[in-house]
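**Q** Before anything else, here's the structure in question.
Coordinate-derived values only; no laboratory data. Quick caveat, the model's predicted, so the values are computed rather than measured. Positions of Cβ are generated from backbone atoms using ideal geometry, with glycine treated the same way; all protein chains shown enter the neighbour counts.
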Amino acid sequence: MPTIRRLPEHLVNRIAAGEVVERPASALKELVENAIDAGARQITVRLSNGGLDMIEVTDDGCGMRPDEIALALERHATSKLPDEHIERVTTMGFRGEALPSIASVARLTVESRPRESAEGWKRVVDHGQVTADEPAALPPGTRIRCEALFAKVPARRKFLRSARSEYAACQDVVRRLAMARPDIGFVLEHDGRRALAVQPDEALASRVARLIARELAEDGVLIEAERGTSRLTGVAGLPTYNRGVADHQYLFVNGRPVKDRLLVGAVRGAYSDMLARDRHAVLALFLDIPPDEVDVNVHPAKTEVRFRDPAFVRGFLVGALRHALEGAGQKSAQAPSQEAMGRWQAEPLASPTPPPAPALSSLFAREYAPAPSRLSEAGSTWRGYDAGVMAEPAARAEPVAEADEPALSYPLGVARGQVAGTYIVAEAQDGLVLVDQHAAHERLVLERLKAAGAQDAMVRSQALLLPEVVELEEAACDALEDKAGALAEFGLVLERFGPAAVLVRAVPSVLGKSDAAALVRDVADDLAKNGDALLLGERLELVLATMACHGSVRAGRVLSVAEMNALLREMERTPRSGQCNHGRPTWVKLAHGDIEKLFGRK
């Protein structure tokens, strides 16, 4: 029988290093977080060869005495937990494993000087062995240098990527931490070249735009929302300003950068009817929540969290994002690539309230109204296919009088014609407007479907002629049984059918002939991941968007001037009309000054 033995200290440190220090970026993250917790106002990071050869972090924080430096290099020694209530931790780090773990797989030099001390102290640990412990000259603060990472651990060194890839990961770490703390100045240098520099006490929106993309200052909306003791701030890009990957989504919980599936799913749900499935929003969100409502001690690197009430967090994020995006009105991001198209300007932030639209018999004349509650009166019918809701505009319309100067004051101007049966050309006081009639009408129809009570109709059930048995793991069946009441509100009626199966009696009617077994399995996976029935609601919203696309005016349809003007007026009244359901812009504007430049008049 094998003998149980206590592992030696150096081996314990190397095992801990395997959890905390995966690559240079991991070590850099721990060092910068220590500098933040030390109360630094300015942090300077120097890298050599992507951090493979050297990482140096200098701060102007509180500093450490010689005995504190020695204690900081021991395992599970920290100044960040004043008592034993780990659930109330408010600092970035608290495990006390970072410095000894790094010192066990690299040559670590710690130099520090408290403000009240006349001189500093230096301690050098080379792969777990103390090689120097002596006075040092440096200004108040701390300087930590990590060299030759994994030099004596070749099995780990060979799994590191190229210097360029490791540098990109280090740059991402500094960018995220700089975003989380706009009150701190950051400098990043790589091989003697300054790659990033931000000043302290910068406005959050300015710091985010500087670190993510400067276009976000114009193509984003500010997020400020509170619900109970929770608060959400940040900057969210307009749906028309999107990317092909989700790498530009920065999420923070209590000032800590995290990569949380629940938060990512909430972002996807908030943009569900405004972005194509293969496009991703650009944003930075900062969620402040009571410490006892979130567990930050889930992962050694503290990049994952667990919420006490995930359904509340998701609902809060989705609601705040959608409210902010609706507040943007008709604003859309316009980023054409050609030089001439680069002159198209974005709509002003504040638009004057448009006068009432002309009375027309076409669907464009209908007023937008907010969607009613999901709870509808008994016996009421859905008006989704009402002629005034879903039908195409009338073939003929009464002509309108020639637009006068007051009419040009409409934000989107007055229609002057149509190009290729697809684009409406309108004249406004401040320039020329081009509108994609299909994309614009698609958004209007979707908002009208919601206002007409489509959400109520979506939750109605369609009973299956033969109930379908779906076999699942027992834990998944338990979760579905617990949420059976909530799922029934969405139109999915389930019953427990033995220990490892459920019986599907009805599905949401709007899903039609969907695969009930696949639907139930996806919902079960969603429950296991998020703890609530989230996916089903998003699927139903996707159905609405599809219906709106099929029910809108097609490209190539000739519209009368009256119908074109009615479309423009409704766009001005409808929230989020600046982009279609797939995140494409519905209109662009060319200012008079830009037109003059095109013809050499300016």
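**Q** How would you rank 493, 558, going from fewest to most other Cβ atoms within 10 Å of each one's own Cβ?
**A** The most exposed by this proxy come first: 558, 493.
**Q** How far apart, in nm, are the 7 Å Cα→Cβ label points at residue 245 and residue 42?
**A** 3.5 nm
**Q** Explain nothing, just compute: Karplus ³J(HN,Hα) = 6.51 cos²θ - 1.76 cosθ + 1.60, θ = phi - 60°, for every residue of the stretch 306-316 in order, whole Hz, x for Gly and Pro.
**A** In residue order, the calculated couplings are 9, 9, 5, 10, x, 5, 5, 4, 5, x, 4 Hz.
**Q** Less than 12 Å Cβ to Cβ from residue 319, Lys/Arg counted +1 and Asp/Glu -1: what total charge do the surrounding residues give?
**A** On the way: positive: 227, 314, 322; negative: 226, 326.
Cβ neighbours under 12 Å give a net charge of +1.
**Q** Give me 567, 211, 283 sorted ascending by neighbouring Cβ count inside 10 Å, so fewest comes first.
**A** Going from least to most buried by this count: 211, 283, 567.
**Q** Quick one: which residues, 5 or more positions from residue 472 or on another chain, have an amide H under 5 Å from its amide H? H modelled 1.01 Å from N in the peptide plane, none for Pro or chain starts.
**A** 501, 502
**Q** Further, regarding this structure: Would you mind checking which residues have amide H under 5 Å from residue 493's amide H? H placed 1.01 Å from N; only 5 or more apart, or other chain.
**A** So residue 493 has HN proximity to 505, 506, 507.
**Q** What's the exposure ranking of 214, 157, going from fewest to most Cβ atoms within 10 Å? It would help to have the intermediate numbers written out before the result.
**A** Numbers: 214 10, 157 14.
Ranking 214, 157 by Cβ neighbours within 10 Å, fewest first, gives 214, 157.
**Q** Summing +1 for each Lys or Arg and -1 for each Asp or Glu, what net charge is found among the other residues whose Cβ lies under 9 Å from the Cβ of residue 134?
**A** On the way: positive: 122, 123; negative: 133.
Around residue 134, the charge tally is +1.
**Q** Per 0.36 nm of contour for each residue apart, how much would the distance between residue 264 and residue 297 grow if the chain were fully extended, relative to their Cα-Cα spacing? Write down the numbers at each step before the final one.
**A** On the way: separation 33, 0.36 × 33 = 11.88 nm, distance 1.96 nm.
The residue 264-residue 297 span can extend by a further 9.9 nm.
**Q** Can you compute the FRET efficiency between residue 497 and residue 134 using 1/(1 + (r/R0)^6), with r the Cβ-Cβ distance and R0 = 60 Å? Round to the nearest 0.05.
**A** Details: r = 74 Å, r/R0 = 1.23.
Step by step, r from the Cβ atoms, then E = 0.25.
**Q** Moving to a separate point now. Please list the non-local residues whose amide H lies under 5 Å from the amide H of residue 586, H modeled 1.01 Å from N, same-chain partners needing a gap of 5 or more.
**A** Those lying under 5 Å, H to H, from residue 586 are 579, 580.
**Q** Could you check the simple spin-label distance between residue 420 and residue 528, using points 7 Å along Cα→Cβ, in nm with one decimal?
**A** Rounded to a tenth, the inter-label distance reads 4.8 nm.
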